[in-house]
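Engineer: Below is a structure I'd like to ask you about.
The values are calculated or read from the model by the stated rules, or taken from the named source; none is laboratory data. These figures come from a predicted structure and were not determined experimentally. So basically every Cβ, Gly included, is an ideal-geometry build from the backbone, and we count neighbours across all protein chains shown.
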Amino acid sequence: MRKLVIAISMLAFAGSAYADPIKGRQALMKERGKLAGQISKVVKGETPFDAAAVLDALKALQANAEKFDVDTLFPAGSDKGDTTAAPKIWEDMAGFKAAEDKFLADTKAAVASPPADVDALKAQLNTLGGDCGTCHQTYRIKKS
């Protein structure tokens, strides 16, 4: 499981290289969604709780958040094209950065205090999911 998570992380990062900031941020967010989905399956009981596998997924999520450089991924002018990034990002860059910083801090906290059981993981996922939801509500255009 750990090797799979690391391989996915490396491929997503290598494929993004930030030559195109839109594709770079989309690759990182896609990876983030997959990692959150793995954790969610454990919380839902679809995958058995395995403390080591959960910690690996949380570490991969932290690595993903650490790669998410707002200045590189959201330069001026990258609000045009195939993107669901809302104009609010560029209007409130400080707020957007604060939202990403909160996600990173909460991810680091989850890694620092790995969950011992599904209930503890559920609490962590609620926090991380709340971070994602808050950011998406403010800084993402919903596809129709």
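Engineer: Among the helices (runs of 4 or more DSSP H) confined wholly to the range 19-81, which include 1 or more residues that are among the small types (Gly, Ala, Ser) and under 24 Å from Phe96 (Cβ atoms)?
Structural biologist: Correct list: 21-43, 51-67.
Engineer: Condition first: surrounded by fewer than 17 Cβ atoms within 10 Å (Cβ to Cβ) and among the basic types (Lys, Arg). Can you find one or more residues in the range 81-99 that meet it? Give the steps one after another, and end with the answer.
Structural biologist: As a first pass, look at the range 81-99 and keep what is surrounded by fewer than 17 Cβ atoms within 10 Å (Cβ to Cβ): 81-82, 84, 87-88, 90-95, 97-98.
After this cut, where a residue has to be among the basic types (Lys, Arg) as well, the list is 88, 97.
Yes: one or more hits.
Engineer: Sort through Lys97, Lys108, Lys142 and tell me the only one that's more than 17 Å from Pro21 (Cβ to Cβ) and part of a helix (DSSP H, G or I).
Structural biologist: Values: Lys97 fails: more than 17 Å from Pro21 (Cβ to Cβ); Lys142 fails: part of a helix (DSSP H, G or I).
That would be Lys108, the only listed residue that is more than 17 Å from Pro21 (Cβ to Cβ) and part of a helix (DSSP H, G or I).
Engineer: Among Leu61, Leu121, Leu73, Leu128, which is the only one that is surrounded by 12 or more Cβ atoms within 10 Å (Cβ to Cβ) and touching a Gly at 6+ places or on another chain (Cβ under 6 Å)?
Structural biologist: Only one candidate passes the filter, namely Leu73.
The rows are residues; the columns are (1) acidic (Asp, Glu); (2) under 30 Å from Asp79 (Cβ atoms); (3) modelled with pLDDT of 95 or more.
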site: Ala12; (1), (2), (3): no, yes, no
site: Lys23; (1), (2), (3): no, yes, yes
site: Gly33; (1), (2), (3): no, yes, yes
site: Gln38; (1), (2), (3): no, no, yes
site: Lys44; (1), (2), (3): no, no, yes
site: Thr47; (1), (2), (3): no, no, yes
site: Ala57; (1), (2), (3): no, no, yes
